[in-house]
Structures are given as C-alpha cells and as structure tokens.
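Colleague: There's a structure below that I have some questions on.
The values are calculated or read from the model by the stated rules, or taken from the named source; none is laboratory data. A quick note: this is a predicted structure, and the numbers were derived from the prediction, not measured. Ideal geometry is used to build each Cβ from the backbone, glycine not excepted, and the neighbour counts take in all protein chains shown. In case anyone asks, the SASA skips ligands and DNA or RNA and just uses the protein heavy atoms, side chains included. Shrake-Rupley method; radii C 1.70, N 1.55, O 1.52, S 1.80 Å.
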Amino acid sequence: MTMAPLIRVQMQDFDLQSEVDALIGGRTGIGAVVTFTGLCRDEQGVLSALELEHYPGMAEAEMRRISGLAIERFSLQGLTAIHRYGKIAPGENIVLVIAAAPHRQAAFDGASFMMDYLKTSAPFWKKEHKSDGTTGDWVSAKDADDRAREKWR
C-alpha cells in the first residue's frame with residue numbers, strides 16, 4: 001500500500017530514525033528502505049555556515065510533484081522528503097530523502113531520482129558564510145547536477 005508522500009520544508013533539524021519509523025509504521029510489505037541525508041560541509045575550513053532560502057509554497061509544491069513522479073515511476077510504498085532552510089552550520093543536516101519499496105533497487109532509484117530532481121528543480125538557494133566573517137556568494141547551479149537529472153529522462 002502506497003502512502004501519500006511526506007513533504008516538509010522547515011527550519012528545525014530532523015531525526016533520521018524517527019522519520020524512518022514514521023514512514024514504515026509497522027507495514028510489513030516494505031522490503032527496502034533507502035535514506036539519504038545531505039549535510040553542510042565546511043569546505044576545508046572555508047565555510048562557517050550555509051544560509052538556505054526557499055520560495056515558500058512553491059518549494060513544497062515542486063517537492064510534491066517530484067515525489068509523485070518518483071512514487072509512480074519506481075512503485076514506491078512511501079517517500080519522505082525534508083529540506084531545511086535558514087543558517088546551517090557545517091556538520092548539520094540540510095536534506096533528508098527516505099524511499100520505501102518492496103525491493104532494494106526501486107528504493108535506491110527512487111531516492112536517487114528524488115535527490116537529482118530536488119537539486120535541480122526545487123526553488124532553494126544557498127549563500128555561503130565564510131569562516132573569516134565575510135559573506136560569500138550565492139552558490140551557482142552545477143552542470144554535474146543537471147547531468148545527474150538527465151540520466152532519468
């Protein structure tokens with residue numbers, strides 16, 4: 001039985017195990033759960049934080065649209081996607097994707113698909129805050145992210 005995807009954009013941190021437990025919820029038809037947690041890096045000591053902004057309403061709508069595609073394409077039995085915003089320090093969580101499916105490959109593919117599209121399609125922006133106290137630039141989109149998304153077409 002497929003559950004509606006759980007989509008959240010929030011300032012506060014999330015707990016991986018609590019989110020997995022909520023998605024599985026005692027359902028015994030799930031054979032595989034794949035999780036991806038994206039963390040803030042310090043870029044070898046250069047960054048003190050990333051500031052993430054989003055387009056409220058649109059970010060959630062795009063995440064819902066992408067999750068619907070993932071559920072349909074990979075026959076997922078559940079999907080959770082949480083993206084944080086605000087100032088996030090190195091080592092802190094930024095994003096969580098959990099895909100549940102009857103078999104492992106569908107769960108792996110569903111999680112990977114969700115992240116590849118989330119990185120390129122959802123309206124989130126990152127600004128660097130440097131360790132020397134200066135504010136850096138907004139982080140540009142990467143060609144590698146676009147290429148990763150293209151493999152799903």
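Colleague: With respect to the numbered conditions (1) out of contact with any Asp or Glu (no Cβ under 6 Å at 6 or more places or on another chain); (2) without any contact (Cβ under 8 Å) to a residue 40 or more places away in the chain, which one is the sole condition not fulfilled by Met115?
Modeller: The one condition Met115 does not meet is (2).
Colleague: Can you spot a residue in the range 2-23 that is open to solvent by 30 Å² or more (accessible area, probe 1.4 Å), closer than 22 Å to Gln77 by Cα, touching a strand residue (DSSP E or B) at 6+ places or on another chain (Cβ under 9 Å) and of a type in the set (Phe, Trp, Tyr)?
Modeller: Among the residues of the range 2-23, not one is open to solvent by 30 Å² or more (accessible area, probe 1.4 Å), closer than 22 Å to Gln77 by Cα, touching a strand residue (DSSP E or B) at 6+ places or on another chain (Cβ under 9 Å) and of a type in the set (Phe, Trp, Tyr), which makes the answer no.
Colleague: Does Glu51 satisfy the criteria of being modelled with pLDDT under 95, surrounded by 13 or more Cβ atoms within 10 Å (Cβ to Cβ) and either out of contact with any strand residue (DSSP E or B) (no Cβ under 7 Å at 6 or more places or on another chain) or assigned to a strand (DSSP E or B) (or both)?
Modeller: No, not satisfied.
Colleague: Separate question: Are there any pairs with C-beta distances below 7 angstrom linking a residue in the range 42-56 that is among the β-branched types (Val, Ile, Thr) to a residue that is not in a strand (DSSP E or B), with the two at least 6 apart or on different chains, and if so which?
Modeller: Close Cβ pairs (under 7 Å, with a partner that is not in a strand (DSSP E or B)) amount to Val46/Ser131.
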